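Data block below; observations after.
The values are calculated or read from the model by the stated rules, or taken from the named source; none is laboratory data. From a predicted model like this one, the values you see are computed outputs, not experimental measurements. Note: ideal-geometry Cβ built from the backbone for every residue, glycine included; neighbour counts use all protein chains shown.
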């Protein structure tokens, strides 16, 4: 810190040491404290100046006590250097405290966790994990505690049970790593297979009659969402962030580069597609193009506008889409398909594409998944056949009167 000229400053005389008032360049007051070394007689200054006189006085009082034992006395600067070199015994954080560190610093493929992922993690933590472990120090969590907690989770909630155990184990894996607060400790969450596996696969697809009734019942401005989810495989979040300039009907393509999701506080935010494979130009079957064109002409005035906005012109909320009058729930109830999810429309399109002769790789392209797990029932093929396959898909749609 720079100081003004101190020729006017006069050190205050004391029984032990002295305090010299000073003025910083910003006009604030400061106080320098010093005393004579019991070894050499040279002046020993405090390692910093003090903003308040009382702090300078307290430092001198403490130093006077230290000088009373000449054999062990060392200059403040030496003591400070020794303190910085000495290992600090920190209190082990509780599981609840360490969760915040984990969520803030966790990296997946070198990138921070998505806000939507943090939101899901916090939901699992709040409901299933923290009620048991929040106040327990990390080094006090035992195998028996972890096993008892796992056994108490509802075994019928297969995904929830798996995801909770995987999350708890991941947190403790980082905590017990070389960079964690309890390095070298065994991870108490060590039940083999408890955090892995898959949920039962859904094989529900919409029938032609169900889809016909849904399209006739759902709100007119959401009808195109059903068509694009079924015949182009778009996800709900991608549809909600779709803008006029993303749609090229002359080329029969939709440009997918963004999606909308919710952060850990439940607020919508725009992110990239679900996977690297998700960022692509999606083909639209010719049979669907007229309906999409009508929607754009009626509801999208500017290329920058959202194609499927809420009434206020912002991102459409999934709950609103489901529960509104003539929304998704009303439409599927009218079709007597109350077990049908909006996401099942993608599976419907993929199944029909396969029936039209698509290979596994082509179905993967339709779904834009990074892994083949969703398309493993189909055979491998190349991208060069996609144009013919989407045309063939149009014929299936027309022949079945979907």
With respect to the numbered conditions (1) surrounded by 14 or more Cβ atoms within 10 Å (Cβ to Cβ); (2) at pLDDT below 80; (3) not in a loop (DSSP other than H, G, I, E, B), which one is the sole condition not fulfilled by residue 79?
-> (1)
Report yes if some residue within the range 156-163 is in a loop (DSSP other than H, G, I, E, B), surrounded by 14 or more Cβ atoms within 10 Å (Cβ to Cβ) and in the same structural domain as residue 117 (by TED's automatic domain parsing); otherwise report no.
-> no
Are any residues in the range 154-169 over 12 Å from residue 129 (Cα atoms) and in contact with a helix residue (DSSP H, G or I) (Cβ under 8 Å, 6 or more places away or on another chain), and if so, which ones?
-> 154, 155
Subset of the range 229-263 (residues that are under 18 Å from residue 115 (Cα atoms) and in a strand (DSSP E or B)) = 259, 260, 261, 262
Of the residues that make up the range 306-313, is at least one in contact with a helix residue (DSSP H, G or I) (Cβ under 7 Å, 6 or more places away or on another chain) and modelled with pLDDT of 95 or more?
-> yes
All conditions in (1) surrounded by 13 or more Cβ atoms within 10 Å (Cβ to Cβ); (2) in a loop (DSSP other than H, G, I, E, B); (3) within 29 Å of the chain's Cα centre (by Cα) are true of residue 287 except (3)
Tally, over the range 19-60, of residues that are within 23 Å of residue 74 (Cα to Cα) and assigned to a strand (DSSP E or B) = 12
In the range 314-331, residue nearest to the chain's Cα centre (by Cα) [restricted to those that are closer than 16 Å to residue 219 by Cβ and assigned to a loop (DSSP other than H, G, I, E, B)] = 317
Only one of (1) modelled with pLDDT of 95 or more; (2) out of contact with any helix residue (DSSP H, G or I) (no Cβ under 8 Å at 6 or more places or on another chain) is not met by residue 139, so which one is it?
-> (1)
Considering residues that are farther than 16 Å from residue 227 by Cβ and touching a residue at least 24 places away in the same chain (Cβ under 8 Å), the number found within the range 352-366 is 9
For the range 208-226, state whether one or more residues are within 18 Å of residue 287 (Cβ to Cβ), assigned by TED's automatic domain parsing to the domain that holds residue 292, touching a strand residue (DSSP E or B) at 6+ places or on another chain (Cβ under 8 Å) and at pLDDT 95 or above.
-> no
